[in-house]
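Beneath this line is the structure, given in structure tokens, with notes to follow.
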Amino acid sequence: MNKLVIGSRTGGQPDPDKLAKAILLFRNAPSYGGASPAQLVFNRPIRDSLPAHERSFAPEWQRAADVLEKRMHRAIARATTRYNFSAHHLPVLPLGAHVLIQHHSTKRWDTPAVVVEAGVNRDYIFKTASGRLYRRNHRLLRQRVVVMPGTATQTNVAAAIVLPPALVHPPPAPEPDIAPRQSR
């Protein structure tokens, strides 16, 4: 309502005509229930400064709008049922749980962290090995089993992987048997 009053000023002074039009449009706008305050009082929309054909206020159009609204609510209910059919709840992560964080661009589960706090909307605050705090949705977290608590950080895990010497230092490629070009 304050925006209506502020928007109806002309040159810094309140303009009563603009304010009256703004309030009329506000009362004629549909609210969350689908009907405007004017429709709740008078059972029909009231005329305002917006151009409209006189037949648009006829009762058959109002009934048609009610039918469309009911159809929309049924479609929303069907879509919700269809979505919830395959959706499932994720298990709650306890505080102190070790998790892996999915990287947003590579989609790899590569950053280890520990859950510090649980939010109300499936979000968690967790702390990484660097000490930084992050907040992510549960969908981006995966609980992991720590082999030896306190030793399985990202750097330790990378150092613990032993590769065969042939993969670490591959043998040099043989030089081709091509005669060098003669210099003149």
Check your understanding: Which condition number in (1) touching a helix residue (DSSP H, G or I) at 6+ places or on another chain (Cβ under 9 Å); (2) free of Cβ contacts under 8 Å to residues at least 24 places away in the same chain; (3) closer than 30 Å to residue 139 by Cβ is the one that residue 83 fails?
Key -> (1)
Study note, to complete from the structure: Being without any contact (Cβ under 8 Å) to a residue 12 or more places away in the chain, surrounded by 11 or more Cβ atoms within 10 Å (Cβ to Cβ) and over 33 Å from the mean Cα position of the chain (by Cα) narrows 22, 29, 38 down to just 38
Exercise for review: Take region 41-60 and flag every residue that is surrounded by 14 or more Cβ atoms within 10 Å (Cβ to Cβ) and of a type in the set (A, V, I, L, M, F, W, C).
Suggested key: 46
Review point. Within region 56-87, how many residues are among the polar types (S, T, N, Q) and farther than 19 Å from residue 40 by Cβ?
Key: 4
Exercise for review: Return a yes/no flag: does region 91-112 have any residue that is within 37 Å of the chain's Cα centre (by Cα), surrounded by 10 or more Cβ atoms within 10 Å (Cβ to Cβ) and at pLDDT below 65.
Suggested key: no
Point to revise | Only one of 50, 100, 40, 95 that is part of a helix (DSSP H, G or I) and of a type outside the set (Ser, Thr, Tyr) | key: 40
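The values are calculated or read from the model by the stated rules, or taken from the named source; none is laboratory data. All values derive from a computational prediction rather than experimental measurement. Note that we place each Cβ from the backbone using ideal geometry, even for glycine, and neighbour counts take in every protein chain shown.
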